[in-house]
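Data block below; observations after.
The values are calculated or read from the model by the stated rules, or taken from the named source; none is laboratory data. In this text the structure is predicted, and so the values were computed from the model without any measurement. No Cβ is skipped: glycine too gets one built from the backbone with ideal geometry, and neighbour counts run over all protein chains shown. Areas reflect the complete protein model, heavy atoms only, side chains present, ligands, DNA and RNA absent. Shrake-Rupley method; radii C 1.70, N 1.55, O 1.52, S 1.80 Å.
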Amino acid sequence: MNLRFTLALLAGKLLRVVGKPFGKATNLPGSVALKLCPDLFSRFRFRGRVLAVTGSNGKTTTANAVAHILTGAGYTVANNAKGSNLTGGVATTLLGVSSLRGVVPQDFVVLEVDERYSRLIFRGFSPELLLVTNLFRDQLTRNGNVDVIVAKLTEAIAPSVKLVLNANDPISAGLAPGSDRVYYAMERTAQSTDESVNITHDAKACPRCFGHLGYDYYHYNHIGRFRCPNCGWESPAAAYTASEPDFRTGAFSINGVRLESGCRTPYMFLNLTAAVALCCEAGVPVDEAVGLAAGFRVSRQRFDEFDIGGRRAVLILSKNQNPVSFDQSISYVLGQEGRKNVVVFVNNINHTNNKDTTWLYDISFERLAGRCDALLCTGPRAMDLAVRLELGGYPMDTVTAEPDPDRLGAALAATDGTIYILTELYDANIIVRAVEKRMRGADT
């Protein structure tokens, strides 16, 4: 066995053990191992099958749902459950499950992979199946226009890879046209609209002929049933279809099989349908896959409901520099009953300290106007958000801007009803602690 590979394996495994107490065990071990052995990925030997999940939004939840279903079906599964999806994170996952000879023994390896970094990861190996959830503008300062991501992702798809694609997304549905593929989709729902209600719409032009793209309906942003009157490009026929969703209970059907999911949003219905589709393509019968999907629950880091001082609080992950993520959080809030108080925590991009805030102008905050009782802007970029709201004509008498979450006390005390906290994953604990502190009467 290659000496550099052996050294990288040993160093990576040691760093995983040493780094775990310090929160340094998800990315650093793999990054160090790749420096020691740049062709690390090509040297692993997989006894089972590799499945990959990528896309702008929903890939962590979808990949974890896939792992949940496959585990429930009796298979051994390895996956990067915490969502560390760049080269270092994927390498760390493989280091953690491989033997000292680099053999990965699990029946399935389910990898969430960043769409931009997929071409670097898949230089060394290719997945058997690749699921693409969707493609939107996402972290433009890092990724550039969505066309850049399409080009990089296409580069990563080997001819042998079978694609599982979203028939409701005109951008990702057309990836690698020469590759084998299967589609999933969702039929029109009670929350679908004839016109897009969001500012962010990345598929007004047909991706094939650049003519005006028409829609029969929208689920959200540019996700829906589409048709180009110029070239005929339209939503492909789907082998796996979500239908009859109950937004109150979270029940819906996949290919006629009822699923009691507990989820109550269009994007989660699509995520679970995608997970079922991938598992079925991997050999799990649809009835079994749907039944197992019913037991999947979204990580509490990404969605959580709890009680603070006798009031209901809801934490919703809203990805920084990703307007579609915030748009879907807003849609969830608007679908709830009762009085609504929305706390939005806006920070710089933690891992890069990127200070760009132009993405705030792509979020449809105006949909909250007159439909929530108070909107509280907090975090280092709270004032930037307040400016965006004022320029958009938002009623500023319902807005409070306070960069320090610990000083939100007075504004929160003047409200009643449910508190909805929209925040980026890395900042979730900061804002939750501040809200809890206020509700327990500990701040001034």
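Annotations
- Qualifying positions in segment 1-33 - open to solvent by 10 Å² or more (accessible area, probe 1.4 Å) and either touching a Ser or Thr at 6+ places or on another chain (Cβ under 6 Å) or closer than 28 Å to S172 by Cβ (or both): T26, N27
- For segment 34-90, filtered to residues that are charged (D, E, K, R) and under 28 Å from P285 (Cα atoms), the residue that is surrounded by the most Cβ atoms within 10 Å (Cβ to Cβ) is K59.
- So D169, is it modelled with pLDDT of 95 or more and touching a His at 6+ places or on another chain (Cβ under 8 Å): yes
Matching residues to (1) of a type outside the set (A, V, I, L, M, F, W, C); (2) within 22 Å of V164 (Cα to Cα):
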site: P21; (1), (2): yes, no
site: A25; (1), (2): no, no
site: A52; (1), (2): no, yes
site: N57; (1), (2): yes, yes
site: T62; (1), (2): yes, yes
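- The residues of segment 166-191 that are touching a residue at least 40 places away in the same chain (Cβ under 8 Å) and in a loop (DSSP other than H, G, I, E, B), listed by number, are A167, N168, D169, P170, I171, L175, E187, T189, A190, Q191.
- Within segment 217-264, considering residues that are touching a residue at least 24 places away in the same chain (Cβ under 8 Å) and of a type in the set (S, T, N, Q), the one farthest from A275 (Cα to Cα): N230
- Residue list for segment 247-264, filter: at pLDDT 95 or above and open to solvent by 40 Å² or more (accessible area, probe 1.4 Å): N255, G256, R258
- Test: residue in segment 237-255 that is within 22 Å of A203 (Cα to Cα), of a type outside the set (S, T, N, Q) and assigned to a loop (DSSP other than H, G, I, E, B): yes
- Those residues of segment 120-160 which are of a type in the set (S, T, Y) and assigned to a loop (DSSP other than H, G, I, E, B), in sequence order: S126, T133, S160
- In segment 379-426, the residues that are among the aliphatic types (A, V, I, L, M) and open to solvent by 50 Å² or more (accessible area, probe 1.4 Å): M383, V387, L391, M396, A410, A413, A414
- Candidates in segment 197-254 are the residues that are of a type in the set (S, T, N, Q) and out of contact with any Cys (no Cβ under 6 Å at 6 or more places or on another chain); of these, the one that is farthest from A173 (Cα to Cα) is T249.
- For V53, the conditions (1) part of a loop (DSSP other than H, G, I, E, B); (2) in contact (Cβ under 8 Å) with a residue 60 or more places away in the chain are fulfilled apart from (1).
- Residue check for R371: in contact with a Ser or Thr (Cβ under 8 Å, 6 or more places away or on another chain), open to solvent by 20 Å² or more (accessible area, probe 1.4 Å) and not in a helix (DSSP H, G or I): no
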